[in-house]
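Heads up: the structure comes next, in structure tokens.
The values are calculated or read from the model by the stated rules, or taken from the named source; none is laboratory data. The model shown is predicted, which means the values in this text are computed figures rather than measured ones. Here Cβ is always computed from backbone atoms with ideal geometry, including for glycine, and neighbour counts include all displayed protein chains. Just so you know, the surface numbers come from the protein's heavy atoms only, side chains and all, with ligands and any DNA or RNA stripped out. Shrake-Rupley method; radii C 1.70, N 1.55, O 1.52, S 1.80 Å.
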Amino acid sequence: MKKSFLLPKSLKNVDTHYCSGCGHGILHRLVAQAIDELNIREKTIGIAPVGCAVIAYNYWDFDVSEAAHGRALAVATGIKRCRPQNVVFTYQGDGDLASIGIAETLHSANRGENLTCIFVNNACYGMTGGQMAPTTLRGQKTITTPLGRDPESGDGWPLKLSEVLSVLDGVCFVARSSMSNPQGVKETYQYIKRAFINQIEKKGFSLVEVLSSCPTIWQKTPIDALRWIEDEMVKEFPLGVIKE
Amino acid sequence: MSVKEQKTFCFQVKVNRDKCKGCQLCIFYCPVGYLVLSSRLNKKGVKFAETKKDNECIGCGFCYLICPDACIEIHGKEQDKEK
Ligand SMILES: Cc1ncc(C[n+]2csc(CCOP(=O)(O)OP(=O)(O)O)c2C)c(N)n1
Ligand code: SF4
Ligand code: SF4
Ligand code: SF4
């Protein structure tokens with residue numbers, strides 16, 4: 001059994017702007033921990049998204065670049081191709097990765113770019129005040145689906161991007177986890193580590209989708225928000241390794 | 001508590017109260033109820049999580065894992081240094 005739990009060195013010990021109970025904070029720590037454990041801090045370059053995590057570079061203590069909304073994987077492709085010795089990853093929300101940036105996402109994955117992609121699925125657009133995201137659940141109320149998302153009336157079905165990407169030949173690893181309980185957090189960590197190791201071993205494109213809490217937009221207490229992930233989100237987005 | 005006699009390590013839980021946003025996830029997941037919400041406010045103006053007086057921590061790390069604000073560290077120490 002592990003005897004001490006200390007903050008990773010790749011994470012700055014500072015206050016974040018995230019709402020109370022927001023999943024982004026947990027995921028920032030896991031990414032930092034994986035980088036520490038693999039001893040790749042000096043050669044890692046992260047790409048921050050547009051979305052609530054837009055200033056992730058204020059919280060991580062390694063090199064991070066910013067990309068225009070949805071273009072993180074295009075920027076990552078450029079950096080990785082110029083600097084193959086670096087470990088390059090993107091950290092993107094569902095609006096960023098699966099909506100405005102879906103073309104960049106799909107083609108980076110299909111080209112088998114040797115990258116690590118961390119996909120934060122919180123079933124909404126957080127930063128802009130809670131519009132429907134492609135991942136919004138059926139019946140889920142958002143400010144653009146005030147009566148609940150209705151696939152039959154043109155809102156579409158929750159986009160299972162991990163499953164979609166898993167069929168592409170360039171993709172070597174796809175997994176989905178949930179940060180709704182400590183066990184899920186541990187599992188998420190293992191997937192992130194594997195996704196980094198795949199890149200170090202030049203295996204191609206790895207995607208880790210993480211179901212993450214957004215208590216503010218969901219209008220729930222932090223604890224109820226985690227329960228909602230377990231009761232509702234995992235029904236639409238089953239957990240586990242999808243491709244390896 | 002019988003848990004205390006079985007363990008060979010004692011665990012010191014440190015909560016950074018000023019980083020805490022009072023989400024209470026650590027309190028919810030602590031299996032032994034060692035964490036509670038303070039009645040006082042931190043510099044953000046929120047009630048923060050704190051440890052109870054008697055150290056009941058079993059070192060599971062759940063609070064560390066679930067804390068969204070990286071407020072918690074757990075230091076495992078030899079039994080005889082228990083406080
Ligand atoms: C080109 C462009 N279009 C739209 C926006 C507005 N915008 C900012 S963040 C965002 C969505 C963010 O949602 P998501 O990626 O799910 O991240 P979250 O905030 O939920 O973490 C949008 C539409 C923008 N910044 N740039
Ligand atoms: S709006 Fe949601 S995703 Fe954004 S910081 Fe708040 S809880 Fe986190
Ligand atoms: S390590 Fe486990 S037992 Fe100790 S305070 Fe945290 S949750 Fe409670
Ligand atoms: S989980 Fe972290 S932020 Fe939330 S109450 Fe506990 S110490 Fe505070």
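Inspect region B:25-32 for any residue being farther than 19 Å from A:Ser213 by Cβ and touching a residue at least 24 places away in the same chain (Cβ under 8 Å) and give the result as yes or no. Checking region B:25-32: at least one residue is farther than 19 Å from A:Ser213 by Cβ and touching a residue at least 24 places away in the same chain (Cβ under 8 Å). Within region A:1-60, the residues that satisfy the criterion of being in a helix (DSSP H, G or I), free of Cβ contacts under 8 Å to residues at least 40 places away in the same chain and aliphatic (A, V, I, L, M) are A:Ala32, A:Ile55, A:Ala56. Taken over region A:216-236, the criterion of being within 11 Å of chain B (Cβ to nearest Cβ) and open to solvent by less than 40 Å² (accessible area, probe 1.4 Å) is satisfied by A:Pro222, A:Ile223, A:Ala225, A:Leu226. Considering every residue within region B:1-11, establish whether at least one is among the charged types (D, E, K, R), outside any loop (DSSP other than H, G, I, E, B), open to solvent by 30 Å² or more (accessible area, probe 1.4 Å) and at pLDDT below 95. Yes - at least one qualifying residue is present in region B:1-11. Taken over region B:49-60, the residue count meeting the criterion of being without any contact (Cβ under 8 Å) to a residue 40 or more places away in the chain and within 11 Å of another protein chain (Cβ to nearest Cβ) is 1.
The listed residues are B:Gly45, B:Gly22, B:Gly33, and the only one of them that is assigned to a loop (DSSP other than H, G, I, E, B), under 11 Å from the mean Cα position of the chain (by Cα), at pLDDT 95 or above and more than 16 Å from ligand 1 (Cβ to nearest atom) turns out to be B:Gly33.
When the residues of region A:192-244 are filtered to those that are among the basic types (Lys, Arg) and without any contact (Cβ under 8 Å) to a residue 12 or more places away in the chain, the one that is nearest to ligand 2 (Cβ to nearest atom) is A:Lys220.
Scoring A:Thr136 on the criteria (1) open to solvent by less than 10 Å² (accessible area, probe 1.4 Å); (2) farther than 15 Å from A:Ala74 by Cβ; (3) touching a residue at least 24 places away in the same chain (Cβ under 8 Å) leaves a single failure, condition (3).
Which one is farthest from ligand 1 (Cβ to nearest atom), of the residues in region B:50-68 that are open to solvent by less than 30 Å² (accessible area, probe 1.4 Å), at negative phi and assigned to a loop (DSSP other than H, G, I, E, B)? Among those that are open to solvent by less than 30 Å² (accessible area, probe 1.4 Å), at negative phi and assigned to a loop (DSSP other than H, G, I, E, B), it is B:Asn55. Residues in region A:74-123 that are more than 13 Å from ligand 1 (Cβ to nearest atom), assigned to a strand (DSSP E or B) and among the hydroxyl-bearing types (Ser, Thr, Tyr): A:Thr116 only. Listed conditions (1) touching a residue at least 40 places away in the same chain (Cβ under 8 Å); (2) open to solvent by less than 50 Å² (accessible area, probe 1.4 Å); (3) more than 14 Å from the chain's Cα centre (by Cα) are all met by A:Tyr189, apart from (3). The residue that is farthest from ligand 4 (Cβ to nearest atom), among those in region A:84-108 that are of a type in the set (Gly, Ala, Ser) and surrounded by 16 or more Cβ atoms within 10 Å (Cβ to Cβ), is A:Ser108. Checking A:Arg111, A:Arg81 one by one, the residue that is within 17 Å of A:Lys43 (Cβ to Cβ), open to solvent by 40 Å² or more (accessible area, probe 1.4 Å) and more than 15 Å from the chain's Cα centre (by Cα) is A:Arg81 and no other. Here is the figure for region A:106-128: residues that are farther than 13 Å from A:Val208 by Cα and not aromatic (Phe, Trp, Tyr) total 14.
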